[in-house]
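Down below is the structure, laid out as structure tokens.
The values are calculated or read from the model by the stated rules, or taken from the named source; none is laboratory data. Because the structure is predicted, anything quoted here is derived from the model rather than measured. Reconstructed Cβ throughout: ideal geometry from the backbone, glycine too, with neighbour counts over all protein chains shown.
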């Protein structure tokens, strides 16, 4: 039985996408000059379904390419030949908001801007703001260590993430935190483009909304 057939049998209807035309939207990310059609695309709705995808792909020695919103310009979500794309766009819950500690726990498919929208009533927002923030996902932001125009003041994604929970190809769950002793594995995950594990939960730092915003123009003689 092929990998695709095993995935279709193991997962509920509508989770696995197959066929040339159906998988075509997943053959590249924002870097559309490079394209590669995957064997199949899996769009799981929960962690158990992600584990099933990883288990089947590992048993068949099939590469897994994790995908967020597909807005990246670095080719991080470009499928490998004969690979399965693991899309995390359906995992889009904001699990908790702690206004005292200024933290939010979110799933990887949550849009960058949606975090700021959810905490705006508390006078908070999520500072890293890539140009695609209206569409890009926080999981993809971690995978690419995204920045934005505010990164000079507030830092990149790596400076605004407190912890991540990941799944290894073996289905093992690991939580990497800023408070961990020893090697900075949390920093290593930021910018790793999904090569080290599948991100299933992120705890992000929230920043107080500036009381005043003004445009300043400066002119110089030389």
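Of all residues in the stretch 179-222, how many are in contact (Cβ under 8 Å) with a residue 24 or more places away in the chain and either in the same structural domain as residue 29 (by TED's automatic domain parsing) or in contact with a strand residue (DSSP E or B) (Cβ under 7 Å, 6 or more places away or on another chain) (or both)?
Initially, the stretch 179-222 is screened for residues in contact (Cβ under 8 Å) with a residue 24 or more places away in the chain, giving 186-187, 189-194, 196-209.
Still in the running and either in the same structural domain as residue 29 (by TED's automatic domain parsing) or in contact with a strand residue (DSSP E or B) (Cβ under 7 Å, 6 or more places away or on another chain) (or both): 186, 189-190, 194, 197-209.
Summing the residues that are in contact (Cβ under 8 Å) with a residue 24 or more places away in the chain and either in the same structural domain as residue 29 (by TED's automatic domain parsing) or in contact with a strand residue (DSSP E or B) (Cβ under 7 Å, 6 or more places away or on another chain) (or both) in the stretch 179-222 gives 17.
Looking at the stretch 1-78, what helices (runs of 4 or more DSSP H) fall wholly within it and have at least 3 residues that are loosely packed, with under 14 Cβ neighbours inside 10 Å? Quick ask: steps written out before the conclusion?
Numbers: elements: 3-10, 20-23, 47-59.
Those helices (runs of 4 or more DSSP H) span 20-23.
When you look at residue 113, is it touching a residue at least 40 places away in the same chain (Cβ under 8 Å) and more than 19 Å from residue 31 (Cα to Cα), yes or no?
It is false that residue 113 is touching a residue at least 40 places away in the same chain (Cβ under 8 Å) and more than 19 Å from residue 31 (Cα to Cα).
Which residues, taken from the stretch 93-106, are out of contact with any helix residue (DSSP H, G or I) (no Cβ under 8 Å at 6 or more places or on another chain) and assigned to a loop (DSSP other than H, G, I, E, B)? Reasoning before the result, please.
Of the stretch 93-106, the ones out of contact with any helix residue (DSSP H, G or I) (no Cβ under 8 Å at 6 or more places or on another chain) are 93, 95-96, 98, 100-103, 105.
Listed by number, the residues that qualify are 93, 100, 101, 102.
Determine which single condition residue 123 fails, assuming it passes every other condition in (1) crowded, with 18+ Cβ neighbours inside 10 Å; (2) over 17 Å from residue 161 (Cβ atoms); (3) in contact with a strand residue (DSSP E or B) (Cβ under 7 Å, 6 or more places away or on another chain).
If we test residue 123 against (1) crowded, with 18+ Cβ neighbours inside 10 Å; (2) over 17 Å from residue 161 (Cβ atoms); (3) in contact with a strand residue (DSSP E or B) (Cβ under 7 Å, 6 or more places away or on another chain), just (1) comes out false.
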